[in-house]
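*Asks:* Can you read through this structure? Questions will come right after.
Please treat every number below as a calculation from the coordinates, not as lab data. Values in this document were obtained by computation on a predicted structure and should not be read as measured data. Every residue, glycine among them, receives a Cβ derived from its backbone with ideal geometry; neighbour counts consider all protein chains shown.
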Amino acid sequence: MAVKRVIEGVHVVPMGMANAFLVEGDNGLTLIDAGFPGKEEAVFGAIRGLGRSPGQLNHLIFTHGHPDHIGSAAAIVRETGARTNMHPLDVPVAESGGPFRPMRPAPGLLGQVLCRLFFDPDERTEPVAIDQPLTDGEILPIAGGIEVIHTPGHCAGHVALLWHAGRMLFAGDVCTNLMGLGDPVGFESLEQGRASQRKLASLSFDAVGFGHGKPIARDASAQFRYKWGTEEARKKSAA
Ligand SMILES: [Zn+2]
Ligand SMILES: [Zn+2]
C-alpha cells in the first residue's frame with residue numbers, strides 16, 4: 001500500500017487527484033480530509049500499512065466541504081466510528097451532500113481549465129454528519145494539539161490546521177504544490193483567498209501538506225513567505 005511518510009508521525013494517503021493525511025497520536029489516529037467518493041479503501045489500506053486497524057481512527061478533520069475532501073467520509077465513518085470536525089460555514093454542504101457553492105476559476109488560463117475539470121458545484125456526495133464545529137484559533141486536543149486557522153477564500157468554511165508537535169501545516173486548498181506553490185483551482189472570494197495565503201505565510205512551520213500536490217517536508221515557511229509574505233518578510237527569508 002502506497003502510504004508515504006512526510007515527517008515523523010504524518011503519512012500522506014494518495015487518493016488519486018487529492019491527498020489525505022494520517023496523523024499518529026498517543027491515543028489513536030487522525031485523518032485530515034477524506035478524498036473523492038469511493039476512496040475509502042485507500043484510507044483503510046494506509047491505516048493497515050501502519051500496522052494499525054481502521055477502528056483506531058478516532059478523528060476525521062476536514063479542511064473544507066468540497067467533494068474531493070469529503071467524498072469518502074461517510075464510508076470511512078461507518079467503518080471506523082471516527083468523530084468528524086468541520087468549520088460551521090461548510091457543515092450544511094457536508095450534511096446535505098451538495099449542491100456546492102460555485103467558485104470562480106483562479107486567475108490565469110490554467111485555473112480556467114482546471115476549475116472546469118475538477119469542480120462541479122452540482123456534484124453530489126454521500127451526506128456525512130458533523131460532530132464537532134471548528135472555531136478559528138482553537139487548539140484541538142488531538143495528537144498533542146492541532147490549531148484551527150480559519151482561511152476562507154477558496155471556500156467560506158475552509159480551515160488550515162497546524163500540528164504543533166510536528167511543526168506541520170495542513171494547508172488544504174488555500175494553495176497547491178503542483179508546479180511549485182500556486183493557487184487552488186478556484187475561489188469563492190479571491191480577495192479573502194489572498195488574505196488567507198498571506199495569513200499562512202505569517203506562520204512558522206517546517207512541513208506542509210496540500211490537498212493537491214506534493215507535500216514539503218522542511219523549510220516550508222520560508223517558501224510561503226517568499227511567495228505570499230510581506231515585502232519585509234520576503235527580504236528576511238531571502239537573507
Ligand atoms: Zn476545494
Ligand atoms: Zn481540493
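*Asks:* With unit charges on the beta carbon (Lys/Arg positive, Asp/Glu negative), name the residue among Pro141, Ser221, Ala74 whose Cα is farthest towards the positive pole of the charge dipole of the chain.
*Replies:* Ser221
*Asks:* Let me ask another. If I model a spin label as a point 7 Å beyond the Cα along the Cα-Cβ vector, how far apart are those points for Glu123 and Glu138 in nm?
*Replies:* 2.7
*Asks:* Would you mind listing how long region 57-164 runs along its three principal axes, going by Cα atoms, in whole Å with the largest first?
*Replies:* Over region 57-164, Cα extents along the principal axes are 42, 29, 19 Å.
*Asks:* Quick one: what does P(r) look like for region 1-105 with 10 Å bins over all Cα pairs, in whole %?
*Replies:* Over region 1-105, the share of Cα pairs per 10 Å bin runs 16, 51, 26, 7, 0 percent.
*Asks:* OK, next. Provide the per-residue ³J(HN,Hα) series for region 67-78, in order, calculated from phi with Karplus coefficients 6.51, -1.76, 1.60 and θ = phi - 60°, each as a whole number of Hz, with x at glycine and proline positions.
*Replies:* x, 7, 10, 10, x, 9, 4, 4, 5, 5, 5, 4
*Asks:* Using the Karplus equation 6.51 cos²θ - 1.76 cosθ + 1.60 (θ = phi - 60°), what ³J(HN,Hα) coupling, rounded to whole Hz, does each residue of region 215-231 give in order, writing x for Gly and Pro?
*Replies:* Once θ is set to phi - 60°, the couplings for region 215-231 become x, 10, 8, 8, 6, 6, 5, 5, 5, 5, 4, 5, 7, 10, x, 5, 3 Hz.
*Asks:* Let me ask another. Can you list the residues, at least 5 places off or on another chain, whose amide H is less than 5 Å from the amide H of Val13, using H built in the peptide plane?
*Replies:* Ala20, Phe21, Leu22
*Asks:* Relative contact order, percent, of the chain when contacts are C-alpha pairs under 8 Å separated by at least 6 residues?
*Replies:* Details: 552 pairs, mean separation 37.8, N = 239.
Computed value for the chain: 16 percent relative contact order.
*Asks:* Right, another one. Along region 194-201, what does the Karplus equation 6.51 cos²θ - 1.76 cosθ + 1.60 (θ = phi - 60°) give for ³J(HN,Hα), rounded to whole Hz, x for Gly and Pro?
*Replies:* Rounded to whole hertz, the list is 5, 4, 5, 5, 5, 4, 5, 5.
*Asks:* Comparing Pro152, Pro54, Pro107, which has the greatest mean-square fluctuation in the GNM of the chain with Cα pairs linked when under 10 Å apart?
*Replies:* Pro107
*Asks:* Taking a ≥ b ≥ c as the square roots of the Cα gyration tensor eigenvalues, with a/c under 1.5 meaning rounded and otherwise prolate when a/b beats b/c, else oblate, which class fits region 148-231?
*Replies:* On the way: a/c = 1.41, a/b = 1.35, b/c = 1.04.
Here region 148-231 falls in the rounded category.
*Asks:* Can you list residues whose amide H is under 5 Å from Asp173's amide H, if they're 5+ apart or on another chain and H is modeled 1.01 Å from N?
*Replies:* Gly211
*Asks:* So how do 29-39, 131-141 stack up, highest first, on mean other-Cβ count within 10 Å? Intermediate values should be presented prior to the final figure.
*Replies:* Details: 29-39: 23.6, 131-141: 13.8.
Per-residue Cβ counts within 10 Å, averaged per peptide and sorted highest first, yield 29-39, 131-141.
*Asks:* Right, another one. Computed from the mean reciprocal separation of all distinct C-alpha pairs, what Kirkwood hydrodynamic radius does region 147-187 have, in Å? Mind showing how you got there, number by number?
*Replies:* Details: mean 1/r = 0.0926 Å⁻¹.
The Cα-based Kirkwood calculation yields 10.8 Å.
*Asks:* Can I ask one more? What area, in nm² and to one decimal, does the C-alpha convex hull of the chain cast on average over all directions?
*Replies:* Value for the chain: 11.6 nm².
*Asks:* Continuing with this model, one more query. Would you pull out the residues with amide H under 5 Å of Phe187's amide H, same chain only if 5 or more places away, H placed 1.01 Å from N?
*Replies:* Amide H neighbours of Phe187, under 5 Å, 5+ apart: Arg104, Ala106.
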